[in-house]
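K.L.:
Structure below; questions to follow.
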Amino acid sequence: MRIDIVTLFPDLCDSFLDTSILGRARKRGLFDAHCHQIRDYTANKQRQTDDYPYGGGPGMVLYAQPIADCLRAVQAQCAQAGYPEPHIVFLTAAGRPYTEADAKRLTRYDCLTLVCGHYEGIDERVIEAFADEELSIGDYVLTGGELAALAVADSVLRLQPGVLAEQQGYEEESYWDDLLEYPQYTRPEVWEDRAVPPVLLTGDHEKIESWRAEQSRARTRARRPDLYERWAGTHPRAVPKWKRGEKAQLVRTDAQLEQAAAVYHAAWQRQRQDLCTPAYLAANSRQVFAAELARDRAAGWAFYLHTTDGMPDALVGVHRPSGEISRLYVLPEMQGRGIGSKLLDFARKKITSDGKTPWLEVLSFFPGAQRLYRRMGFVPTGDARALDSTPNLPGTPAPVLLRFRYAPQA
Ligand code: SAM
């Protein structure tokens, strides 16, 4: 691959490309890089590269002409060296956000040219005339495009065969599969009273892999829910296995109904504590929930209480005549252990075994629950109904109930 950088600071770019991993790869001929001085292509005596903006305003704007002539020279050099027409990328703060997917895509070009702006930017006409695309490396403004071009060059070149010692090096890293990387540790085993997670010292590769995968998912879910959602959409998760000590029991007795109401109440309150008014939360007491479950049970709902080692920690409701599933709640301290997935799968099977299609409704402001339903084969039907009975805190979204239906192949 050949990379050309069009810039007012070619030495800066060259020295970066001559350093460390890229420097070694460049010396070994694993890529070819050329940094071009825009100033060398000016057509005025003073070698001036910029001028005041038409229409007024602060700062200076880079002339179109020297950049265009520099790009024509790059095109000619590439052709002479037997490369195809270069793919030209302008680095601009207003460009499309650059991601690892772009890095992978850009590796497909044998010849890549990166153009750096400076001052207030570049005369738009040269961008229109030459740019195949405009990329931004983030939602912030730099003084020049060099750091951005080098970020793009670095992330593309490290994917070139041979640049990194092991291909696995990049295939396991953050963003490769839409997930952030798991935490890494090296010697010593204990540093300033902080020990390396014991699983990494077991030598059991299967266990280590599964710990890393879980860390990776948990980090992504916490730090980048947007990425996690995308990942979860393309990686439907197998239902976790029921562990010894876990059970789901039909709620039959009053005592069980009280336990179910306690779980429902605790999880419900936590889920809404930052969304609803204190008065509304206080009005929905445990007794109110117990009465609601008793009433619905009399109307044909079956409630199943999940216990771990005899301790109630989750609940689900199934209405077999209509196929509806509801009241899927897991105690806050028991969340993240797959109990919600198992209980949803359990409830879903009760309905599909009757030959019915399971469905459920979820409030629009619970994206975590929606992710779980999607992962478990439920898809939004597009039906939504507004709820006016949930008094929300000012500034929180108005409640809307979204309907999902079980359609595992969709
Ligand atoms: N006036 C421009 C604007 O508001 O969009 C910002 C110009 S900036 C000060 C100067 C140059 O830095 C730009 O022409 C561009 O090449 C580069 N630059 C600044 N921020 C960037 C970003 N987030 N991504 C890519 N390039 C950036």
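K.L.:
What's the Cα-based Rg to Rh of the stretch 248-301, Rh via Kirkwood? Let's see the in-between values first.
P.N.:
Details: Rg = 12.0 Å, Rh = 11.8 Å.
Value, to two decimals: 1.02.
K.L.:
Taking loop as defined by DSSP and a crowding limit of 16 other beta carbons within 10 Å, which trypsin sites (Lys or Arg not before Pro) in the stretch 271-304 fit?
P.N.:
Details: sites: 272, 286, 295, 297; in loops: none.
When the trypsin sites (Lys or Arg not before Pro) of the stretch 271-304 are filtered for loop state and at most 16 Cβ neighbours within 10 Å, nothing remains.
K.L.:
When we measure straight from the Cα of residue 207, which lysines land under 18 angstrom away, once same-chain ones fewer than 8 places off are left out?
P.N.:
Reachable lysines: 241, 243.
K.L.:
Work the Kirkwood hydrodynamic radius out for the stretch 29-98: mean of 1/r over every pair of different alpha-carbon atoms, inverted, in Å.
P.N.:
Details: mean 1/r = 0.0690 Å⁻¹.
Here the Kirkwood hydrodynamic radius works out to 14.5 Å.
K.L.:
Return the loop-located GluC sites (Glu not before Pro) in the stretch 170-249 (DSSP other than H, G, I, E, B) with at most 13 other Cβ atoms within 10 Å of their own Cβ; answer none if there are none.
P.N.:
Details: sites: 171, 172, 173, 181, 189, 192, 206, 209, 214, 229, 246; in loops: 172, 173, 181, 189, 192.
Answer in residue order: 189, 192.
K.L.:
Leaving out ligands and nucleic acids, and using a 1.4 Å probe, what accessible area per residue does the chain come to in Å²? Working shown, then result.
P.N.:
Working: 22250 Å² over 410 residues.
Ligands and nucleic acids excluded, the figure is 54 Å² per residue.
K.L.:
Any chance you could get the radius of gyration and Dmax over the Cα atoms of the stretch 190-234, in Å?
P.N.:
Final numbers for Rg and Dmax: 13.7, 41 Å.
K.L.:
Related question: What number do you get for the stretch 2-170 when its Cα radius of gyration is normalised by 2.2 N^0.38 Å, N = residues? Before the final figure, lay out the partial values.
P.N.:
On the way: Rg = 15.9 Å, N = 169, 2.2 N^0.38 = 15.5 Å.
Cα-based Rg divided by the globular estimate yields 1.03.
K.L.:
Further, regarding this structure: Can you give the net charge of the other residues whose Cβ lies under 11 Å from the Cβ of residue 10, counting K and R as +1 and D and E as -1?
P.N.:
Values: positive: 39; negative: 4, 11, 14, 40, 146.
Spelling it out: positives minus negatives among the neighbours equals -4.
K.L.:
Given the -39500 (n - 2.57) contribution per DSSP H run of 4+ residues, what per-residue ellipticity at 222 nm results for the chain, rounded to the nearest 500 deg cm²/dmol?
P.N.:
Working: 14 runs with 153 residues, N = 410.
After summing the helix terms and dividing by residue count, I get -11500 deg cm²/dmol.
K.L.:
For the Cα atoms of the chain, what angle does the longest principal axis make with the long axis of helix 205-223, in degrees from 0 to 90, nearest 10?
P.N.:
80 degrees
K.L.:
Next question. Taking square-rooted eigenvalues a ≥ b ≥ c of the alpha carbon gyration tensor, is the stretch 68-117 rounded, prolate or oblate, where a/c under 1.5 means rounded and, failing that, a/b exceeding b/c means prolate? Can you show the working numbers first?
P.N.:
Values: a/c = 4.36, a/b = 1.41, b/c = 3.10.
Note, shape of the stretch 68-117 comes out oblate.
K.L.:
For the chain, which whole percent of the accessible surface, found with a 1.4 angstrom probe, sits on carbon and sulfur atoms? Write down the numbers at each step before the final one.
P.N.:
Numbers: 11320 of 22250 Å².
Looking at the chain in its full context, I get 51 percent from C and S.
K.L.:
For residue 402, what is the net charge nearby, where nearby means another residue's Cβ is under 13 Å from its Cβ and Lys, Arg count +1, Asp, Glu -1?
P.N.:
Numbers: positive: 371, 374, 385, 403, 405; negative: 361, 383.
Taking every Cβ under 13 Å from that of residue 402, the sum is +3.
K.L.:
Taking the square root of 5 times each eigenvalue of the Cα gyration tensor, what semi-axes in Å does the equivalent ellipsoid of the stretch 154-306 have, largest first? All intermediate terms of the calculation are to be shown ahead of the outcome.
P.N.:
Details: eigenvalues 402, 78, 60 Å².
After scaling each eigenvalue by five and taking roots: 45, 20, 17 Å.
K.L.:
Please list, by residue number, every one of the trypsin sites (Lys or Arg not before Pro) in the stretch 63-126 that is coil in DSSP and has at most 12 other beta-carbon atoms within 10 Å.
P.N.:
108
K.L.:
Could you tell me the largest-minus-smallest coordinate of the C-alpha atoms of the stretch 246-406 on each of the three principal axes, in descending order and whole angstroms?
P.N.:
Ordered largest first, the stretch 246-406 gives principal extents of 42, 36, 32 Å.
K.L.:
Where Rh is the Kirkwood radius over the Cα pairs of the chain, the temperature 4 °C and the viscosity 1.567 mPa s, what D in µm²/s does Stokes-Einstein return?
P.N.:
49 µm²/s
K.L.:
Rounded, prolate or oblate: pick one for the stretch 303-396, where a ≥ b ≥ c are the square roots of the eigenvalues of its C-alpha gyration tensor, a/c under 1.5 means rounded, and failing that, prolate if a/b is larger than b/c, else oblate.
P.N.:
Numbers: a/c = 1.79, a/b = 1.14, b/c = 1.57.
It is oblate, given that a/c is not under 1.5 and a/b is not larger than b/c.
K.L.:
Regarding the stretch 108-162, what are the three Cα extents along the principal axes, ordered largest first, in Å?
P.N.:
Largest first, the stretch 108-162 extends 38, 25, 15 Å along its Cα principal axes.
The values are calculated or read from the model by the stated rules, or taken from the named source; none is laboratory data. Since we're looking at a predicted model, the values are computed, not measured. Methodologically, a virtual Cβ is constructed for each residue, glycine included, from the backbone with ideal geometry; neighbour enumeration extends over all protein chains shown. Calculation scope for accessible area: heavy atoms of the full protein, side chains included, ligands and nucleic acids excluded. Shrake-Rupley method; radii C 1.70, N 1.55, O 1.52, S 1.80 Å.
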